[in-house]
Amino acid sequence: MVPVYKTFTLRYNKVIYIPHSYIYHTKMTVRKDTKYMSQSSFGNKFKVTTWGESHGKALGAVVDGCPAGLSLCEDDIQIFLDRRKPGQSRYTTARKEGDLVEILSGVFEGKTTGTPISLMVRNTDQRSRDYGNIAYSYRPGHADYTFDQKYGFRDYRGGGRSSGRETIGRVAAGAIASKILGELGISICTYTKSIGPVKISSFDKEEINQNAFYMPDAQAAAKAGEYLEECMKNQDSAGGVIECRITGTPAGLGEPVFDKLSALLSHALMSIGAVKAVEIGDGIAVTSLNGSTDNDGFTIKDGEIVKTSNHAGGIMGGISDGSEIILRAHIKPTPSISQPQQTVTKDKETLSLEIHGRHDPVIVPRAVVVVESMAAITLADALFVNMSSQMDRVRDFYMN
Ligand SMILES: Cc1cc2nc3c(=O)[nH]c(=O)nc-3n(C[C@H](O)[C@H](O)[C@H](O)COP(=O)(O)O)c2cc1C
């Protein structure tokens, strides 16, 4: 006989009996959800899971939901990873990391097979001794204190999972998402808009890859260099703004309520370490506009409905409108600085902490490709989700 446990329902004052096996099943469901709380995955149909720690053996990503038949090789991914690699200028850390990617699964004879694509980058230049003094103290501006509060235990080597190196997995996966977007005529241009107080005042696309900061304005890049020299002299660091412009996106991406495209993109960008704010279109500037200046009018051009302006940044009601999607990620100054900072140990002793070792005086240039990758992952996912939004499309897919 199956043992039964008595429980109750308030409705109709009825007492019901639930078999033991059902309760067991319910408990298992709860356990499964609890396990999911680590949240290392992003996306629905195009799902990216990143794994690995700063000073572990390797880091990487698993991309599940990439369609079969996409041509893909390690070089496609390496081009992206090289854009976030340290040691490319005097403003990025001097660690000699090759950050070479290996595709472990999901690709056969140069094409994706539709099965999970596993991507790995081995850690080769991780000198743990540089981080020894932070094992028991909490670095200001880092996740050390909050990790201890949450887990009661942490991998202190270079920040472990909350290290900027975690973004290697995002960028590797972003390279695949970008290839998918490219096949659909969607392109992304990402660049640095400001570093500290230095803002771009002109836009030359060709210039973006010509300077250490990925700025589309050579003069601003030179000024940003001078500003960072000053920061470095003062053992200090700087922040900045990254802008991302996405063209060729069809109208209709994003869901009307919780999974608005604006919400998904904000989630994607805010999940990058050091990103403190995200703007879409005119962003926070809309608060000082009027309806008459903020609204984008509509008109007909070559027989098509188009907008007369793009204050909304390509998203209305959470759904892409077909015009350029404009995003900005605001990045804080690098938290690791070598000037003395006040902190405490886990055992509540106060101390003055100086963080020596290799840290960028500014995170912005290396985060440019990370922002682009997260935007690409979000859009690839939204494109796949949107394929079933209309019965006509589903019918076309299966019947034609
Ligand atoms: C690409 C990238 C590289 C980073 N490199 C560094 C670094 O060299 N030194 C550092 O202190 N923080 C670096 N960070 C930032 C920290 O990881 C981040 O500020 C820290 O985990 C705290 O998280 P929060 O700023 O989101 O609160 C980097 C972040 C990114 C996205």
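Just so it is clear, none of the values below were taken in a lab; they were calculated from the coordinates. Since we're looking at a predicted model, the values are computed, not measured. Quick reminder, even Gly has a Cβ in these numbers, built from the backbone with ideal geometry, and neighbours come from all protein chains shown.
Sorting C66, C231, C189, C73 by the number of Cβ atoms found within 10 Å of their own Cβ, with the fewest placed first, yields C73, C189, C231, C66. Pairs spanning more than 22 Å between alpha-carbon atoms, out of K193/K260; K179/K205; K85/K193; K276/K348: K193/K260; K276/K348. Couplings 3J(HN,Hα) for the stretch 244-250, derived from phi with the Karplus relation 6.51 cos²θ - 1.76 cosθ + 1.60 (θ = phi - 60°), are 10, 10, 10, 10, x, 6, x Hz, where x marks Gly and Pro. Comparing Q210, N234, Y191 along the charge dipole axis of the stretch 119-259, the residue lying farthest to the positive side is N234, per the Cβ-charge model.
For the chain, the mean residue ellipticity at 222 nm estimated from helices alone is -9000 deg cm²/dmol, where every DSSP H run of n ≥ 4 contributes -39500 (n - 2.57) and the total is divided by all residues, rounded to the nearest 500. Calculate the FRET efficiency for D82 and E183 from the Cβ-Cβ distance with a Förster distance of 25 Å, rounded to the nearest 0.05. Rounded to the nearest 0.05, the efficiency is 0.70. To the nearest 0.05, how large is the calculated FRET efficiency for A58 and E354 if R₀ is 25 Å and r is the Cβ-Cβ distance? Here the calculated transfer efficiency is 0.25. If the Kirkwood radius is taken over C-alpha pairs of the stretch 41-399, then at 37 °C and 0.692 mPa s the Stokes-Einstein diffusion coefficient equals 151 µm²/s.
Couplings 3J(HN,Hα) of the stretch 165-170, computed from phi: 5, 4, 5, 4, x, 5 Hz, in residue order, whole Hz [Karplus 6.51 cos²θ - 1.76 cosθ + 1.60, θ = phi - 60°; x for Gly and Pro]. Taking GluC sites (Glu not before Pro) across the stretch 298-355, the ones in a DSSP loop with at most 10 further Cβ atoms lying within 10 angstrom of their Cβ are E349. Okay, which of the stretch 266-292 sit inside 15 Å, backbone N to the point 7 Å along the Cα-Cβ direction of T308? Of the residues in the stretch 266-292, 291-292 have backbone N under 15 Å from the label point off T308.
From least to most packed, judged by other beta carbons within 10 angstrom and beginning with the fewest, H311, H330 follow the order H311, H330.
If we count other beta carbons within 10 Å of each Cβ, what is the order of M316, M374, M270, M399, fewest first? Ascending Cβ contact count within 10 Å gives the list M399, M270, M316, M374.
Were the residues from S40 through S105 laid out at 0.36 nm apart, the gain over their Cα-Cα distance would be 21.5 nm. In this structure the amide hydrogen of V344, modeled in the peptide plane, comes within under 5 Å of the amide hydrogens of Y138, L351, none closer than 5 places in sequence on its chain.
Put simply, the amide H of M316, placed in the peptide plane, has neighbours under 5 Å in D321, leaving out anything fewer than 5 places away on its chain.
In order along the stretch 311-324, the phi-based Karplus estimate (6.51 cos²θ - 1.76 cosθ + 1.60, θ = phi - 60°) of 3J(HN,Hα) comes to 5, 6, x, x, 9, 10, x, x, 10, 4, 9, x, 8, 4 Hz; Gly and Pro are listed as x.
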